[in-house]
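Undergrad: Got a structure here, written out as structure tokens. Questions coming.
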Amino acid sequence: MTAQAQRTVLTYGTFDLFHPGHVQLLKRARALGTRLVVGLSTDEFNALKGKKSVMCYEDRKAVLEACRYVDEVFAEDDWDQKVADAIRTGADVFVMGDDWLGKFDFMGEHCQVVYLARTPEVSSTEIKQRMRDERTALTLV
Ligand code: CTP
């Protein structure tokens, strides 16, 4: 493939308890280019956001790297690194789920910005809640 044909897509997230919503997002993001680069929120950055993942950064990274749609994973540890990341990775497209609609329009100065529709009815939060409910139900039996 020639350098001109290379099209880099950049996205971000926590990707805890890797689920079909993540797969769909990554698959559609990768289809927008030839290389998908993912900024993965570190545990420290998640703590800053008031978020706690079940899986640690290294485990979430290993799972993401095993996904056929992902070419590269790097650490996201700051809200303000996205422009520098886009320049460093040579991103042509910036992708996020539409729960972030409008929030990253400023990236339009550096690359195309695309918000993809979220897959309904699945999220890391929902899986964690389901596990809590199952545990309660089992305790009650
Ligand atoms: N995503 C999606 N469809 C879902 C869940 C997530 O398209 N059902 C997308 C998000 O919009 C984001 C990326 O996947 O672009 C990573 O999202 P992340 O926050 O890691 O996943 P969630 O399952 O939404 O996590 P949480 O419940 O902790 O917010």
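Undergrad: Would you pick out the residues in segment 36-61 that are basic (Lys, Arg) and surrounded by fewer than 18 Cβ atoms within 10 Å (Cβ to Cβ)?
TA: Lys49, Lys51, Lys52
Undergrad: Let me ask you something else. Could you please find all residues in segment 99-141 being under 26 Å from Lys27 (Cβ atoms), more than 12 Å from the ligand (Cβ to nearest atom) and either among the hydroxyl-bearing types (Ser, Thr, Tyr) or outside any helix (DSSP H, G or I) (or both)?
TA: Gly102, His110, Cys111, Gln112, Val113 - these are the residues of segment 99-141 that are under 26 Å from Lys27 (Cβ atoms), more than 12 Å from the ligand (Cβ to nearest atom) and either among the hydroxyl-bearing types (Ser, Thr, Tyr) or outside any helix (DSSP H, G or I) (or both).
Undergrad: Select from segment 25-60 the residues that are under 11 Å from the mean Cα position of the chain (by Cα) and within 13 Å of the ligand (Cβ to nearest atom) and list them in ascending order.
TA: Of the residues in segment 25-60, the ones under 11 Å from the mean Cα position of the chain (by Cα) are 25-26, 29, 36-41, 60.
The answer is Leu25, Leu26, Ala29, Leu36, Val38, Gly39, Leu40, Ser41, Arg60.
Undergrad: Next question. Can you name the residue in segment 63-97 that is loosely packed, with under 12 Cβ neighbours inside 10 Å and out of contact with any His (no Cβ under 7 Å at 6 or more places or on another chain) and, of all such residues, is farthest from Tyr115 (Cα to Cα)?
TA: Step one: list which residues in segment 63-97 are loosely packed, with under 12 Cβ neighbours inside 10 Å, which gives 66, 68, 79-80, 84, 87.
Okay, now just the ones that are also out of contact with any His (no Cβ under 7 Å at 6 or more places or on another chain), so 66, 68, 79-80, 84.
Details: Ala66: 24, Arg68: 21, Trp79: 18, Asp80: 19, Ala84: 20 Å.
Once the filter is applied, the top-ranked residue is Ala66.
Undergrad: If you don't mind, another one. Can we say Ala86 is outside any loop (DSSP other than H, G, I, E, B), more than 13 Å from the ligand (Cβ to nearest atom) and in contact with a Cys (Cβ under 7 Å, 6 or more places away or on another chain)? Step through it out loud before you land on a result.
TA: Numbers: outside any loop (DSSP other than H, G, I, E, B): yes; more than 13 Å from the ligand (Cβ to nearest atom): yes; in contact with a Cys (Cβ under 7 Å, 6 or more places away or on another chain): yes.
Considered against the rule, which asks whether it is outside any loop (DSSP other than H, G, I, E, B), more than 13 Å from the ligand (Cβ to nearest atom) and in contact with a Cys (Cβ under 7 Å, 6 or more places away or on another chain), Ala86 comes out as yes.
Bear in mind that the values in this text are calculations on the coordinates, not laboratory data. On a predicted model such as this, the values are computed, not experimentally measured, just so you know. Backbone-built Cβ (ideal geometry, glycine too); neighbour counts: all protein chains shown.
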